[in-house]
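Input: a single structure, listed below in C-alpha cells.
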Amino acid sequence: MVFTLTQIGEDPSRLTRRLNAHGGPDVVIRPLVHADSGELAAFLSALSAGTRHFSTFDGYDLVAAGDLCDAIGRYDKLRLVLEEGPSGRIVGLLEFSLALTASDVARYQDAGIRITETTDCRFGATLADDYQGRGIGTLAFPLVREVARLLGRSRIILWGGVRADNSRAIHYYEKNGFHTVGPFAEADGSLSLDMMLDLSPEPDTRSLPV
C-alpha cells in the first residue's frame, strides 16, 4: 500500500502511534496539523543555540511555525510531530521530503550512487533539548521506516546531511541502519556527512552500543 500526502493530510490517524517512553510520559507521534502552529512555535523558540546549529530552520517563531503548518498537503513535504501525552507539548519534529535537490543528486553521483525521486526521500529529525539522549528517537524510528515505505520509497537520505561534529546524531543514524556515503563542505567551510539507509535489509545493530 502506498499513501499520498493528500491522503495523509485528510486522515492523519493513518500515521499516528503512541510510544511508551522509558521512565517518562508516553509520546504520541502523528502528522503535523494546522492547529499545531502555537505549540510548534513554542517548540522552535525553545531550541537552544546548540540544537539550532545542528537543525536549521527558516525561523524559530510563530511566523515560521505558521509557514510549516500552511505547507501541509501543498508541497512535497511531510512533517510528523512528537507530542508529550499528558501536556500536549510538542517535543520533536520529523521531516520528510519527496523532492531531491540538484546538489543532493550531484554529491551522491560523485560517490557512485544514483538517487532518484522514485526511490529516495530525504529525512531530518529535531528533538527538544530535554528529550535528546533519552531514546525517544529510537522508539520513533520504526515509524520513520514505515512512512518511507508507505510513501513508495526504498531508501532514505539525510536532509542536508549531518554535521560531522554532531556525534550524537551520527551514532543515532548508524544505530538505525544508516551508512556514511561521504563528506562534503558546507557554505561556511564546516564539514558534513551524507548518510543513507536502504530499507530492504533490516539493520544489524548488535555491535552498536545502545
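The values are calculated or read from the model by the stated rules, or taken from the named source; none is laboratory data. Quantities reported herein were computed from a predicted structural model and do not represent experimental measurements. Every residue, glycine as well, gets a Cβ built from its backbone with ideal geometry; the counts of neighbours run over all protein chains shown. Side chains are part of the model used for accessible areas, which takes the heavy atoms of the whole protein and leaves out ligands, DNA and RNA. Shrake-Rupley method; radii C 1.70, N 1.55, O 1.52, S 1.80 Å.
List of remarks:
- Residue 122 contributes an accessible area of around 20 Å² to the protein surface, as traced by a 1.4 Å probe with all chains present.
- Charge context of residue 108, other residues only, Cβ under 12 angstrom, K/R +1, D/E -1: 0
- A viscosity of 1.567 mPa s and a temperature of 4 °C, combined with the Kirkwood radius over C-alpha pairs in the Stokes-Einstein formula, give the range 72-114 a diffusion coefficient of 100 µm²/s.
- Net +/- balance of residues flanking residue 152 in space, Cβ distance below 11 Å, scoring K and R +1, D and E -1: 0
- Summed residue charge, Cβ within 13 Å of residue 32's Cβ, Lys/Arg positive, Asp/Glu negative: -2
- Each residue of the range 35-46 was assigned a 3J(HN,Hα) from its phi angle through the Karplus curve 6.51 cos²θ - 1.76 cosθ + 1.60 (θ = phi - 60°); the sequence is 6, 7, 4, x, 5, 5, 4, 4, 4, 5, 5, 7 Hz, with glycine and proline shown as x.
- Residue 170 exposes around 20 Å² of accessible area when a 1.4 Å probe is run over every protein chain in place.
- Estimated vicinal HN-Hα couplings, Hz - the range 149-154 in sequence order (Karplus 6.51, -1.76, 1.60; Gly, Pro = x): 5, 5, 8, x, 9, 10
- Note on the range 61-184: semi-axes of the ellipsoid equivalent to its C-alpha gyration tensor, largest first and rounded to whole Å, are 24, 19, 14.
- Just so you know, the averaged projected area of the alpha carbon convex hull for the chain sits at 11.7 nm².
- Value of [θ]222 nm, deg cm²/dmol, for the chain, DSSP H segments ≥ 4, -39500 (n - 2.57) each, nearest 500: -8500 deg cm²/dmol
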